[in-house]
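Derivation of every value follows stated rules applied to the coordinates shown; laboratory data play no part. Keep in mind that what you see is a predicted model, and the values were worked out from it rather than measured. Ideal geometry is used to build each Cβ from the backbone, glycine not excepted, and the neighbour counts take in all protein chains shown.
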Amino acid sequence: MGLASVERDWIAIARDLAVALAVAAVAFVLSYENGGFDGTTRAYAAISAWWLLGVGAALGIGVGRTQIHRLALWSLGLFAAFAVWTLISIEWAPDAERTFSEFDLVSLYVVVLALAILLGRMASGFVVVSGMALALAAVAGVALVSRLFPSTFGVKPSTILYSLNNRLSFPLGYWNGLGIEVALAYPLLFAIMTSRRSRVVSALAALPLPILAADMYLTSSRGSFVAAGVAILVYLVLAPNRWTALVAGVVAAAAGAVSVATLHPRRALASGDMANPVAVQQGHHTALVIGIACFVCPIVWFGLMQLRDRVPTPPRRAGQALAGLFVVLAVLAFVLAHPVRRFEDFKSNPTYGGTDMTFIEQHLLSSAGSGRWQFWSVAITEFRAHPLNGGGAGSWEYWWLEHGRLPIFTQYAHSLYLEALAELGIVGLLLIAGAVLVLAVGVVRSALVLRSAEISAAAAAAIAFFAAGAYDWVWQLAGISVVGLGLAGFALGALPSGRLRVRSRAGVLRPAVALIAVAAIIPQVVVIGADLHLENSYAAVNADSPARATSEALAAKALEPWASTPYLQLGQIAEGEGRYDAARQWLTEAISRSKLDWQLWATAAAIDTDRGRIAAARHELHVARQLYRNPTNPLTSSALG
């Protein structure tokens, strides 16, 4: 009997370790692959997730004794409805290819939320939170090493954004995305640090604290500090062991201060000019200091935990007084910050330079919105033009190029909710806002009912993620969104329903879910297949094999007949062969599928110029200029004479 008990314990440990490592691997790999921004990466992730859900449904995995809580079901249902509405918008969207891509993205998030809800019923909070914390700590560590030792990963300029590469972006490819993602690690690490399961594990959870702050500073991301503040504040409110969590926050603040104080005077390193030998030397010195801080933090926390049982918990009134003091200080700081002036600064477009401060220092201390006010204002104008259903998923970039007057190129409105309002109208906003609201209520209730530090941490990170979605385009980065939605779903799944058993309904639900999973995989396969054929076509063009290039492009067209990209490729192949009439016909097909894409009109103008159709070329160039009125327009008035 004793041996059987030991064997069961070892099996349980192996199972928990496998779950933690699986969670960590998924989050880390998606983040490392350019933040999961690439459509093919997201499609592979979605296929894997839907396949897992379908197989699980077919085998009856996840069918427990109680129903999933109705808040979890409502949230999942609203996210699914948002995905369906996104797909329906293909009927009026200007670019069906982009709309389909947006649908695939939301489809991934729906299945991640569903799997996380099921995981919340089967795995312990400590296991899942530890796995996610491990992933975020690994991302933070890789990011910092890539700056301090630039040859380690062979870091290349971002393939998402090609400017401001002085801001730490690797491996996500977007500085604000990286900063916000590592900020979500704070409540997860606090939950492990305050856990009584293992003093050694609790101490080790303090090790990444200096790295998180260093990353946030080097990204120069004000949004990451906002996300960290929201995550920590929500965790302190929800956590059952608030005093211990507060001490953990103090240790994190001290560790962060050491990192920032180390980086602040090393301007060559902070500027990202790693070709400069001075910056490389500063990176090595910084690595030594932060490495020592990472070694000291666990020792300090271990010592503090030794004192935890010896120091009496302060009375409730002390906590209330401290909370009141924080509120007073926050109000005072808000008043002294001159909010009206800050709001005016936020609406303006900042300029940097002219001081002795580095870009990072100027940006972090600035209250300018970096164009967000203009992005949001243009989103409102698109909504007013199409109040009920919006301009269609993926349409905001076209609207910005035509109506935006700020010399900034961007594909996204830097707000999940305003972009949904612009592209999907009031219906889309109600669906996504309703889903997030129900989700937030559910995770908070789960944390309060279960009184679990791990569930509180998951809830805090999820709320911080959706708060960040209000002022940045983290929704488009699957690596971050999987973390936020995964933790939210886990907290929702852990919430007990206490209602009827589901086994009586399993006979209907299981095959239905399996069929939905199979159907959801098909669009992802289409995207992967079309992308592979297009990549082969591009490679064939470079290899001077036009016949193969044409064949591959035709295969991509067959898979995605609604997409303009295969037709554009066919047109460019024909143009390269001197078949200008055929090239123009292919461009006509491409334009019919994406009428607001100025690049297609400009390409058509170039082809008509080669055909000697100057009048047609002038008209097409005029249309291209009308669609791209933004000051960043590369089309000059002297083009075509």
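Each of Thr313, Thr603 was scored by other Cβ atoms within 10 Å of its Cβ. Arranged with the fewest first, they read Thr313, Thr603.
Rounded, prolate or oblate: which fits region 244-396, taking a ≥ b ≥ c as square roots of the Cα gyration tensor eigenvalues, rounded meaning a/c under 1.5, else prolate when a/b beats b/c? It is oblate, given that a/c is not under 1.5 and a/b is not larger than b/c.
The Cα atoms of region 524-627 give a gyration tensor whose axes a ≥ b ≥ c have a/c of 1.5 or more with a/b no greater than b/c, which makes the shape oblate. Annotation: amide H of Ser124 has no partner in the under-5 Å range at sequence separation 5 or more or interchain, hydrogens built in the peptide plane. Only the Cβ atoms of Lys and Arg (+1) and of Asp and Glu (-1) were treated as charged; on that basis the dipole of region 260-317 about its Cα centre amounts to roughly 400 debye. Ordering Arg167, Arg510, Arg611, Arg316 by the number of other Cβ atoms within 10 Å of each residue's own Cβ, fewest first, gives Arg316, Arg611, Arg510, Arg167.
Other residues within the sphere of radius under 12 Å centred on the Cβ of Ser367, judged by their own Cβ, net out at +3 (K and R +1, D and E -1).
The Cβ shell under 10 Å around Ile90 holds other residues with a net charge of -3, Lys and Arg each +1, Asp and Glu each -1.
The stretch between Val525 and Ala12 holds 181.1 nm of extra length on full extension. This uses 0.36 nm per residue minus the Cα-Cα distance.
Scalar couplings 3J(HN,Hα) for region 602-613, obtained by applying the Karplus form with A = 6.51, B = -1.76, C = 1.60 to θ = phi - 60°, are 5, 5, 4, 5, 5, 5, 5, 4, 5, 7, x, 8 Hz; x denotes Gly and Pro.
Which peptide among 325-331, 459-465 comes first, and what is the full order, when sorted by highest mean count of other Cβ atoms within 10 Å?
Highest mean packing first, the order is 459-465, 325-331.
Where does the chain land on Rg(C-alpha)/(2.2 N^0.38 Å)? Cα Rg divided by the expected 2.2 N^0.38 Å: 1.03.
About its Cα centre, the dipole of region 127-309 is roughly 140 debye, where the only charges are +1 on Lys and Arg Cβ and -1 on Asp and Glu Cβ. For the pair Val449 and Asp309 in one chain, pulling the backbone fully straight at 0.36 nm per residue adds 47.9 nm over the alpha carbon distance.
Phe334 sits among other residues whose Cβ lies under 14 Å from its own Cβ, and their net charge, with Lys and Arg +1 and Asp and Glu -1, is +2. In this label model, Glu402 and Ile426 are separated by 2.3 nm, measuring between points 7 Å along each Cα→Cβ vector. Ellipticity at 222 nm from helices only: DSSP H runs of n ≥ 4 in the chain, each -39500 (n - 2.57), divided by the residue count, give -24500 deg cm²/dmol. Across the chain, the mean sequence separation of Cα contacts (distance under 8 Å, 6 or more residues apart), normalised by length, yields a relative contact order of 22 percent.
Between the helical axis of 614-627 and the longest alpha-carbon principal axis of the chain there is an angle of about 20 degrees. For Val237 and Val441, the difference between the fully extended length at 0.36 nm per residue and the C-alpha to C-alpha distance is 72.0 nm. Between Arg342 and Ile614, the FRET efficiency from the beta-carbon distance, with R0 = 60 Å, is close to 0.70. Would you please classify the overall shape of region 127-309 from the alpha carbon gyration tensor, given that a ≥ b ≥ c denote the square roots of the eigenvalues, rounded means a/c under 1.5, and beyond that prolate means a/b larger than b/c while oblate covers the rest? Cα axes put region 127-309 in the prolate bin.
What the phi angles of region 489-496 give under the Karplus curve with 6.51, -1.76 and 1.60, with θ = phi - 60°, is a coupling list of x, 5, 5, 5, x, 6, 6, x Hz, glycine and proline written as x. The angle between the Cα long axis of helix 242-263 and the main principal axis of the chain comes to about 50°, on a 0 to 90 degree scale. Think of each Lys and Arg Cβ as +1 and each Asp and Glu Cβ as -1; about the Cα centre, that makes the dipole of the chain roughly 2460 debye.
Mean projected area of the Cα convex hull of region 403-537, taken over all directions, amounts to 12.5 nm². Karplus-based coupling profile of region 537-543, in residue order and whole Hz: 5, 4, 5, 5, 4, 5, 8, with θ = phi - 60° in 6.51 cos²θ - 1.76 cosθ + 1.60 and x standing for Gly or Pro. Principal-axis analysis of the Cα atoms of the chain puts helix 125-148 at an angle of about 60° to the longest axis.
Cα centroids of region 514-543 and region 382-431: 27 Å apart. Extending 7 Å from Cα along the Cβ direction at Phe149 and again at Ala543 yields two label points whose distance is 3.8 nm.
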